[in-house]
1. Counting helices only, and only those DSSP H runs with n ≥ 4, report the 222 nm mean residue ellipticity of the chain as the sum of -39,500 (n - 2.57) divided by its residues, in deg cm²/dmol to the nearest 500.
2. Determine, from the Cβ-Cβ distance of residue 220 and residue 480 and an R0 of 45 Å, the FRET efficiency 1/(1 + (r/R0)^6), rounded to the nearest 0.05.
3. Relative to 2.2 N^0.38 Å, what does the C-alpha radius of gyration of segment 313-433 come to as a ratio? Two decimals please.
4. What residues have an amide H closer than 5 Å to that of residue 511, excluding those fewer than 5 places away on the same chain, when H is modeled at 1.01 Å from N in the peptide plane?
5. Once the cut-off is 26 Å, how many percent of the Cα-Cα pairs in segment 193-345 end up in the long-distance tail?
6. Ranking 52, 521 by Cβ neighbours within 10 Å, fewest first, what do you get?
7. With the contact rule set at Cα under 8 Å and sequence spacing of 6 or more, what percent relative contact order holds for segment 390-490?
8. Principal axis extents for segment 115-252, Cα atoms only, whole Å, descending order, please.
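What follows is calculated from the coordinates using simple rules that are stated; it is not laboratory data. These numbers come from a predicted model, not from an experiment. Here the Cβ is made from the backbone with ideal geometry for all residues, glycine too, and neighbour counts use every protein chain on show.
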Amino acid sequence: MRPARRHVLRAAGAAALLGLGAACARIPTDSPIDSRPLTGQSQPGAPYVRALPPAPDATAPEVVNGFVQAGVGSEEDFAVARAYLTPEARNSWDPAAGITVYSGSQELKVEEVEEGRLLLMLQVVASVDRQGVRHLLAGPVVREVEVAVEQVEGQWRLSAVPDGIFLSEAAFESLFVPARLYFLDAREELLVPDHRWFSLRRGPTAVLEALAAGPTPFLDGAVTSRIPSISSGTELMMGTGADGTAQIAVPRAIADLPQGPRMLALSQLEASLRSMRTMAGVRLVLDEVEVNLDENTRIERALPGHRPIAAGPTGVISLADPGASAPAVQLVPALADVEVSSPVISHGGVLAAARNPEGSVVLIASTDGSVPVREAATGGSFVPPTIDAAGYVWTSTVSSAGALLALSGHGAELDAKVDAPWLTGREVRSLAIAADATRMLVLSDDAAGTRLDLCAVVRGSDGAPSSLTEPVVVRTSLTDMTDASWYDEIAVVVLGTDPATGDRRALIVDLAAGRDPLPTLTPGAAQIAGSVVAETVWISTEDGELLRSDGETWNAVDIEGVDPSFY
């Protein structure tokens with residue numbers, strides 16, 4: 001299966017890089033948390049390679065190269081890298097500002113601009129900001145970095161350099177690990193992932209610090225947290241159980257919370273730590289007793305749906321048994337005899353929505369008859385609806401006026417118009433809200449082309465939406481994108497055009513780790529839906545054909561239907 005192979009290949013690549021042993025690096029963060037240093041023995045998988053100090057009588061270009069490569073050594077606050085700087089520059093340089101990740105396939109180039117000034121040229125593939133958020137570029141981009149040098153006691157030293165460090169792709173992938181910080185949705189019912197990269201060497205300490213510091217900007221205001229501020233002097237203790245499993249002592253600030261908030265905070269902490277590949281089997285210990293969060297106390301991760309559906313000749317049909325000889329099962333009785341398009345069903349399996357074939361009406365119904373059929377939006381050209389776990393059906397007119405519609409499954413009086421000023425004047429192609437009822441993908445275009453945005457829904461504690469956060473752009477490498485939907489917690493499936501060949505292409509885009517192409521498509525692919533839980537991706541074509549893939553090839557399915565989705 002493709003999803004399994006994707007994860008195995010990624011793990012194998014990381015293991016190979018660890019064997020190469022590139023060196024330790026970290027992004028220090030300002031935090032009230034103090035912790036004892038975690039050694040390589042206490043934090044498995046943290047690689048170590050010595051950063052090299054300046055060679056005697058090194059030329060100015062050699063000093064520039066040496067400084068760049070010394071970014072792998074984080075010991076003593078990057079003491080080796082600082083050795084390449086003048087005394088004044090050592091005091092002002094801030095390695096915590098972020099990371100420039102460059103391609104290691106080409107040698108670094110350094111040219112002299114004028115006396116005392118040099119130009120460093122890099123093939124940059126990504127950047128990582130102070131919070132540990134990685135921003136992938138669509139492809140390698142040449143970046144020119146101007147630096148200044150001067151002589152200090154007869155040796156060339158850098159007197160002006162940009163803040164942050166430089167790491168090759170190989171060094172970054174071996175020294176840093178992706179993790180998901182889990183915050184709470186506005187109703188405190190679901191965990192919402194915030195994907196970051198952390199130093200392997202710092203491990204759980206960095207995760208706890210980041211949880212205490214709060215979410216990244218696009219989630220700010222849309223999520224809550226029960227992780228308290230941690231007072232200075234608190235020590236994060238890590239040990240090993242009798243079975244070799246890592247054990248983390250719950251900080252006193254969390255242990256002292258009232259029962260309800262404490263269980264929420266422990267759910268956040270446990271899920272966040274376990275998202276790191278080196279901490280998957282971690283156990284929390286409170287007062288020397290292992291913490292067991294059962295189904296009544298743990299807040300669970302919100303995984304994508306695994307049951308495929310589509311619009312049949314009439315009604316909303318199940319694709320769960322594509323090889324069956326019997327007609328596909330109708331899932332929404334009230335729509336069984338109605339021609340519909342773009343059907344969706346909530347993850348709870350009850351609330352349903354669809355458009356009429358022309359896209360001028362959005363219908364709300366249910367799988368069990370508990371929600372009467374209503375025409376919730378009429379009189380426009382609407383994009384396919386998407387349903388959140390708080391009971392709202394989201395849609396928009398294709399020509400955006402800077403707002404989305406949130407149509408309530410509990411009645412028209414609760415419908416809301418949610419402002420999204422950054423969409424004003426754009427043509428909306430698709431919406432997809434994540435299973436956590438918080439993060440939303442918005443695919444739109446204008447004269448500059450298509451753009452896939454990731455934003456978050458700001459709600460009240462009752463789940464009623466009030467606004468959208470400012471989005472971040474999801475880099476996909478595709479042009480003319482026509483559809484995008486969630487594949488797992490932090491990955492999406494995208495349908496678009498390969499700019500290099502002009503062919504239609506489908507990708508799995510992991511928001512933290514990169515892109516994975518799906519098998520080559522035939523012309524006419526129009527809609528896409530996938531699920532890591534089901535380990536399948538579905539495509540419908542402009543000719544009304546359904547295609548299914550397990551990652552190796554596309555297979556036609558003998559079911560008449562269009563517009564696949566999962567619930």
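1. On the way: 8 runs with 80 residues, N = 567.
Using -39500 (n - 2.57) per qualifying helix, the result is -4000 deg cm²/dmol.
2. Numbers: r = 32 Å, r/R0 = 0.71.
Result of the calculation: an efficiency of 0.90.
3. Working: Rg = 14.6 Å, N = 121, 2.2 N^0.38 = 13.6 Å.
Normalised Cα radius of gyration, segment 313-433: 1.07.
4. Excluding prolines and chain starts, which carry no amide H, the hits are 491, 492.
5. On the way: 5254 of 11628 pairs.
When every Cα pair of segment 193-345 is considered, 45 percent fall beyond 26 Å.
6. Values: 52 14, 521 19.
Final ranking by Cβ density, sparse to dense: 52, 521.
7. Working: 213 pairs, mean separation 21.7, N = 101.
Dividing the mean separation by the residue count of segment 390-490 yields 21 percent.
8. 60, 35, 30
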